[in-house]
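**Q** What follows is a structure written as structure tokens; I'll ask about it next.
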Amino acid sequence: MTEMTVGVGSGVGEFADMVLNIGPQHPSTHGVLRLKLTLDGERVTACEPIVGYMHRGAEKLFEVRDYRQILMLANRHDWLSAFCSELGVALAVERLMGIEVPERAVWLRTALAELNRVLNHLMFLGSYPLEIGAITPVFYAFREREVLQAVFEEASGGRMHYMFNRIGGLKEEVPSGWTRRAREAIGQVRRRLPDLDNLIRGNEIFLARTKGVGVLDAATAAGYGVSGPVARASGVDFDLRRDEPYLAYGELDVPVVTRESGDCHARFECLLDQVYVSLDLAETCLSRVDSIGGPVNVRLPKVVKAPEGHIYTWTENPLGVNGYYLVSRGDKTPYRLKLRTASYANVQALSTLLVGSLVPDMVAILGSMFFVVGDIDK
């Protein structure tokens with residue numbers, strides 16, 4: 001069997017396989033990812049995901065910035081989950097230093113983490129149908145995003161890179177009346193979300209493109225380390241918020257949204273239903289915040305130094321499990337901070353998942369894995 005590489009024109013023959021490069025795509029999409037596909041006609045026989053086109057060396061940069069500064073880098077590798085990503089690093093440093101965060105900050109962090117989860121999911125709920133030809137859902141999704149973005153901007157001053165977490169709590173107290181306005185925003189989004197839901201979930205064209213397409217079974221998902229909504233759509237019933245609680249999740253009833261079919265439609269449904277759950281969790285946390293007084297951070301020395309040692313912390317980020325392995329030698333900068341990102345693990349499964357699929361289904365499968373390329377390349 002000979003092989004033909006598109007663009008070079010070598011090995012053309014009656015039984016030639018075609019090697020097709022999908023990408024690297026322009027940064028205005030979800031990021032710069034390249035897939036090297038081997039095709040037999042229109043059927044994919046092999047897939048090699050090639051990453052590294054957006055690599056900015058975040059893990060290496062952590063080593064030359066102090067513990068306050070690394071939060072700035074931490075919220076940028078997954079730009080759709082900035083608050084949750086900086087939160088994971090803050091939790092790792094706090095645990096290594098033995099810092100007890102004030103109760104009010106814990107509940108505020110939990111509420112903001114769930115709002116950030118909704119913002120992340122709404123982006124994919126709008127952009128995924130767009131990738132397979134449906135333009136209307138993105139307008140509904142961004143309408144709801146703007147309502148919640150205004151809430152985040154009022155509290156943190158940022159719309160994308162919030163920089164609201166600090167070692168020991170939060171940057172500052174939220175403005176007066178903010179929790180009430182945040183609950184009103186949540187109520188508004190909850191009332192209007194069925195507009196998006198009814199438009200796309202049962203749409204016959206959307207169903208034809210996603211139902212039974214790109215089936216990822218539970219064993220394969222677990223073998224590749226896939227997590228988050230992508231894994232739960234395959235029946236992997238695992239969520240750190242319930243199974244190994246952090247922040248205030250231990251005091252909350254966290255419903256875990258799962259499906260069994262493991263196809264593109266199941267992954268979309270998990271994402272959509274998780275939005276309803278996260279809105280409820282955020283509202284519960286905000287109500288609790290109103291009953292708690294006190295500070296939202298702790299006083300730190302001018303130079304923050306973590307004691308010598310190492311610790312591993314993991315969180316349930318919007319796209320899946322993020323891990324933070326922090327090693328300190330007693331200096332003001334980390335000796336090593338290794339990231340285990342959800343997107344990197346999820347994309348690994350493409351090498352198996354895309355094999356046997358048709359080229360027209362490739363885009364539907366790729367988009368349903370819900371990744372941010374900066375989160376892959378770190």
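**Q** Could you please find all residues in the range 60-105 being open to solvent by 30 Å² or more (accessible area, probe 1.4 Å), assigned to a helix (DSSP H, G or I) and under 21 Å from D377 (Cβ atoms)? It would help to see each step written out before you state the result.
**A** Filtering the range 60-105 down to residues open to solvent by 30 Å² or more (accessible area, probe 1.4 Å) leaves 60-61, 63-66, 68-69, 72, 76, 79, 95, 97-100, 103-104.
Then keep just the ones that are assigned to a helix (DSSP H, G or I); that gives 60-61, 72, 95, 97, 103-104.
Hits for the range 60-105 are K60, L61, M72.
**Q** I'd like the residue in the range 32-59 that is β-branched (V, I, T) and in contact with a strand residue (DSSP E or B) (Cβ under 6 Å, 6 or more places away or on another chain) and, out of all such residues, is most open to solvent (accessible area, probe 1.4 Å). Spell out how you get there, then give the answer.
**A** So in the range 32-59, the residues β-branched (V, I, T) come out as 32, 38, 44-45, 50-51.
From what is left, the residues that are in contact with a strand residue (DSSP E or B) (Cβ under 6 Å, 6 or more places away or on another chain) are 38, 44-45, 50.
On the way: T38: 26, V44: 2, T45: 64, I50: 36 Å².
In this case the residue turns out to be T45.
**Q** For the range 197-237, which residues satisfy the criterion of being assigned to a loop (DSSP other than H, G, I, E, B), over 17 Å from F370 (Cα atoms) and without any contact (Cβ under 8 Å) to a residue 24 or more places away in the chain?
**A** G202, D237
**Q** List, please: which pairs have Cβ atoms under 8 Å, are six or more places apart or on different chains, and start with a residue in the range 330-354 that is assigned to a loop (DSSP other than H, G, I, E, B) and end with one that is open to solvent by 10 Å² or more (accessible area, probe 1.4 Å) and of a type in the set (F, W, Y)?
**A** If the second residue must be open to solvent by 10 Å² or more (accessible area, probe 1.4 Å) and of a type in the set (F, W, Y), the pairs left are A349/Y224.
**Q** Check R201, R180, R191, R159 and return the single one that is open to solvent by 10 Å² or more (accessible area, probe 1.4 Å), over 30 Å from K305 (Cβ atoms) and either hydrophobic (A, V, I, L, M, F, W, C) or touching a His at 6+ places or on another chain (Cβ under 9 Å) (or both). So that I can check it myself, show each step before the final result.
**A** On the way: R180 fails: either hydrophobic (A, V, I, L, M, F, W, C) or touching a His at 6+ places or on another chain (Cβ under 9 Å) (or both); R191 fails: either hydrophobic (A, V, I, L, M, F, W, C) or touching a His at 6+ places or on another chain (Cβ under 9 Å) (or both); R159 fails: either hydrophobic (A, V, I, L, M, F, W, C) or touching a His at 6+ places or on another chain (Cβ under 9 Å) (or both).
Being open to solvent by 10 Å² or more (accessible area, probe 1.4 Å), over 30 Å from K305 (Cβ atoms) and either hydrophobic (A, V, I, L, M, F, W, C) or touching a His at 6+ places or on another chain (Cβ under 9 Å) (or both) holds for just one of R201, R180, R191, R159, which is R201.
**Q** Another one. What number goes with the only condition from (1) within 16 Å of the chain's Cα centre (by Cα); (2) under 18 Å from N322 (Cβ atoms) that Y249 does not pass?
**A** Evaluating Y249 over (1) within 16 Å of the chain's Cα centre (by Cα); (2) under 18 Å from N322 (Cβ atoms) leaves (1) as the failure.
**Q** Out of P360, P307, report the one residue that is loosely packed, with under 15 Cβ neighbours inside 10 Å and under 26 Å from L33 (Cα atoms).
**A** On the way: P307 fails: under 26 Å from L33 (Cα atoms).
Matching residue, one of P360, P307: P360.
**Q** Right, something else. Would you check which residues across the range 32-59 are more than 30 Å from V106 (Cα to Cα), touching a residue at least 40 places away in the same chain (Cβ under 8 Å) and not in a loop (DSSP other than H, G, I, E, B) and list them?
**A** L35, L37, L39, R43, V44, T45, A46, C47, E48, P49
**Q** For the range 155-192, enumerate the residues that are part of a helix (DSSP H, G or I), among the charged types (D, E, K, R) and touching a helix residue (DSSP H, G or I) at 6+ places or on another chain (Cβ under 6 Å).
**A** The initial filter retains those residues of the range 155-192 that are part of a helix (DSSP H, G or I), namely 155-156, 178-192.
From what's left, among the charged types (D, E, K, R): 180-181, 183-184, 190-192.
Across the range 155-192, the qualifying residues are R183, R190.
**Q** Here's a follow-up. Would you mind stating whether V298 is touching a residue at least 60 places away in the same chain (Cβ under 8 Å), under 18 Å from M369 (Cβ atoms), surrounded by 15 or more Cβ atoms within 10 Å (Cβ to Cβ) and more than 17 Å from the chain's Cα centre (by Cα)? Let's see the steps before the verdict.
**A** Numbers: touching a residue at least 60 places away in the same chain (Cβ under 8 Å): yes; under 18 Å from M369 (Cβ atoms): no; surrounded by 15 or more Cβ atoms within 10 Å (Cβ to Cβ): yes; more than 17 Å from the chain's Cα centre (by Cα): yes.
So V298 does not fit the description; no.
The values are calculated or read from the model by the stated rules, or taken from the named source; none is laboratory data. Keep in mind that this is a model prediction, so the values were computed, not measured. Positions of Cβ are generated from backbone atoms using ideal geometry, with glycine treated the same way; all protein chains shown enter the neighbour counts. These area figures cover heavy atoms from the full protein model, side chains too; ligands, DNA and RNA do not enter into them. Shrake-Rupley method; radii C 1.70, N 1.55, O 1.52, S 1.80 Å.
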